[in-house]
Amino acid sequence: MVKIDTEGFDFLVLEGAERTLTSGACEIVQFEYNWRWLLNRASLRDVFRLIAGKPYHLGKLIGESIEFYDEWHFELDRYFENNYVLIRKGSPLLALGKRVRFSPSNAPVGAHDGIDTRYS
């Protein structure tokens, strides 16, 4: 596991770890996301681009669960303080979360609405 907490420079650290991410050498990468990312002109969209084709799923830590997103949606980039994780595909830790998507009206669906969207 790798934990990144670099006060807004988290995406730059992720970029620097691209070879590690490509190889899937780390099962979990946790990072903070907040308004400081704006200072470095970075966003969650950049994370989705970085992990495209790599063996990871992106999730947001919510209490004792994880909301997983298969693709970027503009509603994700609000720059609110949160902890996110990249979890390697096939990891048993994926069972801790649920897949979330966005409806045509841009509302999150799957996290708290009783729909069985477990990740496995």
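Sum up the charges of everything whose Cβ sits under 12 Å from the Cβ of A52, counting Lys and Arg as +1 and Asp and Glu as -1, but leave A52 out.
Values: positive: R45, R49, K54; negative: E18, D46, D70, E71.
Charge balance near A52 sits at -1.
Let me know the longest stretch in the chain that avoids all trypsin sites (Lys or Arg not before Pro) found in a DSSP loop with at most 16 other C-beta atoms within 10 Å. Don't jump to the answer; show the numbers that get you there.
Working: sites that count: R41, R78, K89.
No qualifying site falls inside 1-40, the longest such stretch.
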Taking R0 as 30 Å, what FRET efficiency do you get between A95 and T6 from their Cβ-Cβ distance, rounded to the nearest 0.05? 0.55
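Nearest 5 is fine: what % of DSSP beta bridges in the chain come out antiparallel, could you say? Can you show the working numbers first?
Details: 19 of 26 bridges.
Close to 75 percent.
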Return the distance in nm (one decimal) between the two label points of a simple spin-label model at C26 and E75, each offset 7 Å from Cα along Cα→Cβ. 2.9
Across 10 Å bins from the origin, how do the percents of Cα pairs in region 51-114 run, short distances first? 19, 56, 24, 0
At 7 Å along Cα-to-Cβ for each site, give me the label-to-label distance between V13 and L38 in nm. 2.2
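Mind running the shape call on the chain? Use the C-alpha gyration tensor, a ≥ b ≥ c as the square roots of the eigenvalues: rounded below 1.5 for a/c, prolate if a/b tops b/c, oblate otherwise. Spell out each step's value before the answer.
Details: a/c = 1.74, a/b = 1.20, b/c = 1.45.
Verdict is oblate for the chain.
Count the net charge of all other residues whose Cβ sits under 12 Å from the Cβ of Q30, scoring Lys and Arg as +1 and Asp and Glu as -1. Walk me through the numbers on the way to the answer.
On the way: positive: K3, K60; negative: D5, D10, E27, E32.
For residues surrounding Q30, the net value is -2.
Report the longest stretch of the chain that contains none of the GluC sites (Glu not before Pro) sitting in a DSSP loop with at most 12 other Cβ atoms within 10 Å. List each step's numbers first, then the result.
On the way: sites that count: E7, E64, E71, E81.
Segment 8-63 is the longest.
Report relative contact order for the chain in percent, whole number only (criteria: Cα-Cα under 8 Å, sequence separation at least 6). Write down the numbers at each step before the final one.
Details: 214 pairs, mean separation 29.2, N = 120.
Value for the chain: 24 percent.
Only the coordinates and a few stated rules stand behind these numbers; no lab work does. Note that this is a predicted model, so its numbers are computed, not measured. Backbone-built Cβ (ideal geometry, glycine too); neighbour counts: all protein chains shown.
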